[in-house]
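The values are calculated or read from the model by the stated rules, or taken from the named source; none is laboratory data. Here the structure is a predicted model, which means the values were calculated and not measured. Using ideal geometry, Cβ is built from the backbone for each residue, glycine included, and neighbour counts are taken over all protein chains shown. Only protein heavy atoms, including side chains, enter the accessible area calculation; ligands, DNA and RNA are left aside. Shrake-Rupley method; radii C 1.70, N 1.55, O 1.52, S 1.80 Å.
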Amino acid sequence: MARVLLDKLSKHFRSVIAVDDLTLEVADKEFLVLVGPSGCGKTTALRCIAGLEEATSGEIHIGDRLVNDVSPKDRDIAMVFQNYALYPHMNVYDNMAFGLKLRKFPKAEIQRRVKETAEMLGMQELLNRKPRELSGGQRQRVALGRAIVREPKVFLMDEPLSNLDAKLRVQTRAELTKLHRRLGITTVYVTHDQMEAMTMGERSAVLDEGKLQQVAAPLELFRHPVNLFVAGFIGSPAMSFMSGALEMRDGQMWMRADPLVLRLSEQHSAKVKGLAGRQVVFGVRPDDIYDRSLCPPIPTSEDNSATVTVDVTEPMGSTVDANLRAGKHELTAHLDADTKAEDGEALEVSFDMTKTHLFDPETKSALT
């Protein structure tokens with residue numbers, strides 16, 4: 001069993017706490033993404049698993065073995081770095097075979113593994129080339145191939161796609177996902193790109209300032225963030241937030257963020273029952289704001305609609321991203337391409353109130 005268990009892991013660099021009491025389990029054969037902004041501790045946690053950093057406190061288990069005092073070469077892991085870390089004087093074959101040669105594998109076994117991996121990654125024609133003769137995407141495949149030939153218990157990947165252009169990043173992202181399904185090797189993948197976290201991981205662990213904020217399946221993070229940080233970090237374009245207050249009117253719960261006054265859904269009202277008068281942070285995702293004139297796929301009324309001002313529109317082809325303003329509040333909407341929204345003009349929009357969010361402004365925790 002190749003599970004990875006971090007039990008109250010902490011890593012301090014003098015007065016800086018890079019990882020703070022992190023407890024996290026990666027199941028056998030799982031693809032788990034560590035995601036968060038730069039400096040949140042995700043790479044440090046990965047390096048602790050690899051043995052490249054010594055934990056200040058806590059335990060690290062790989063399989064059934066405590067590995068805190070085990071050297072990196074004996075942890076049976078393979079790591080893929082952001083900068084590829086290929087040997088420039090070696091061709092592709094030798095780069096992939098180098099680790100096996102160091103471990104004294106028989107020549108025939110090395111040839112078999114390299115050949116099979118090259119075929120798997122579509123690199124048969126590249127084996128005699130030097131790294132300088134390869135594109136960025138090809139170099140990344142070599143780095144992956146070097147890890148795969150090891151047949152380790154665990155893959156550790158540190159932002160391996162960040163040096164690729166946008167188109168190649170999307171393509172390689174899909175290839176990595178298919179590769180994991182084929183090999184079934186436990187994988188911990190570090191990225192600051194929340195789109196990678198949403199599309200690749202079976203689960204994603206969101207870190208901020210060294211602390212674990214939430215770990216869940218990607219759609220769970222998107223639909224049910226536990227706090228303001230996760231809500232604002234997951235999703236592109238990001239969720240919009242407004243400070244407001246809850247009001248009880250004629251037996252119904254409303255959210256007022258002047259000039260917006262919106263009635264909460266029955267489900268949300270039940271969760272904040274008894275909190276009338278309380279200050280809240282109202283959150284809405286761009287996909288849940290509609291141009292009311294286009295007959296949106298939700299029931300619309302004065303209770304879930306408002307007139308806003310369009311600041312900037314950005315045509316995206318099949319959709320239009322619009323920056324909206326309601327009083328002092330700014331919103332981002334992902335509108336249908338047929339919208340009549342014009343910069344500087346008024347627009348009537350409707351909100352899908354069943355998918356909005358409420359947060360406590362003091363604790364930052366989700367209320368709905």
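Heavy atoms of the protein chains alone define the surface here; on that basis the stretch 1-120 has 50 Å² accessible area per residue at 1.4 Å probe size. Note on SER365: accessible area is roughly 50 Å² with a 1.4 Å probe, heavy atoms of protein only. With every protein chain in place and a 1.4 angstrom probe, the accessible-area ranking of LYS167, LYS271, largest first, reads LYS167, LYS271.
Our estimate of slack between GLN124 and ARG103, defined as 0.36 nm per intervening residue step minus the Cα-Cα distance, is 5.2 nm. Computed from phi, the 3J(HN,Hα) profile of the stretch 14-25 under the Karplus parametrisation 6.51, -1.76, 1.60 (θ = phi - 60°) reads 6, 8, 8, 9, 7, 10, 10, 6, 8, 10, 7, 10 Hz, with x in place of Gly and Pro. Could you tell me which of the pairs LYS153/LYS364; LYS8/LYS328; LYS8/LYS273; LYS211/LYS340; LYS42/LYS73; LYS115/LYS167 are separated by over 32 angstrom between their Cα atoms in the structure shown? From the list (LYS153/LYS364; LYS8/LYS328; LYS8/LYS273; LYS211/LYS340; LYS42/LYS73; LYS115/LYS167), the Cα-Cα distance tops 32 Å for LYS153/LYS364; LYS8/LYS328; LYS8/LYS273; LYS211/LYS340. Taking the longest Cα principal axis of the chain as reference, the axis of helix 136-148 is set at about 60 degrees. Where a ≥ b ≥ c are the square roots of the eigenvalues of the C-alpha gyration tensor, would you call the stretch 23-88 rounded, which needs a/c under 1.5, or, failing that, prolate if a/b is larger than b/c, or oblate? Rounded. Its Cα centre serving as origin, the chain has a Cβ charge dipole (Lys and Arg +1, Asp and Glu -1) of approximately 2000 debye.
Computed from phi, the 3J(HN,Hα) profile of the stretch 76-82 under the Karplus parametrisation 6.51, -1.76, 1.60 (θ = phi - 60°) reads 6, 10, 10, 10, 10, 9, 5 Hz, with x in place of Gly and Pro. Rounded to the nearest 10 degrees, the inclination of helix 166-183 to the longest alpha-carbon principal axis of the chain is 60 degrees. The heavy atoms of MET316 offer some 110 square angstrom of accessible surface to a 1.4 angstrom probe.
Solvent-accessible area per residue in the stretch 143-256 equals 42 Å², computed with a 1.4 angstrom probe and all protein chains kept. A simple charge model with +1 on the Cβ of Lys and Arg, -1 on the Cβ of Asp and Glu and nothing else charged puts the dipole of the stretch 219-338 at about 580 debye relative to its Cα centre.
Just the protein heavy atoms count here, and of the accessible area of the stretch 273-340 at 1.4 Å, carbon and sulfur take up 48 percent.
For the stretch 58-104, the set of trypsin sites (Lys or Arg not before Pro) satisfying both a DSSP loop assignment and a count of at most 13 other C-beta atoms within 10 Å is given as ARG103, LYS104. Ellipticity at 222 nm from helices only: DSSP H runs of n ≥ 4 in the chain, each -39500 (n - 2.57), divided by the residue count, give -7000 deg cm²/dmol.
Using R0 = 22 Å, the C-beta based FRET efficiency linking ASP287 and LYS8 works out to 0.05. Taking the accessible area of the stretch 38-80, probe 1.4 Å, and keeping the other protein chains in place, the carbon and sulfur fraction comes to 43%. The stretch between PHE81 and GLU314, if pulled fully straight at 0.36 nm per residue, gains 80.3 nm over its current Cα-Cα span.
Since only ALA85, TYR290, GLN111 are under comparison, the one whose Cα sits farthest along the positive direction of the charge dipole of the chain, derived from C-beta charges on Lys, Arg, Asp and Glu, is GLN111.
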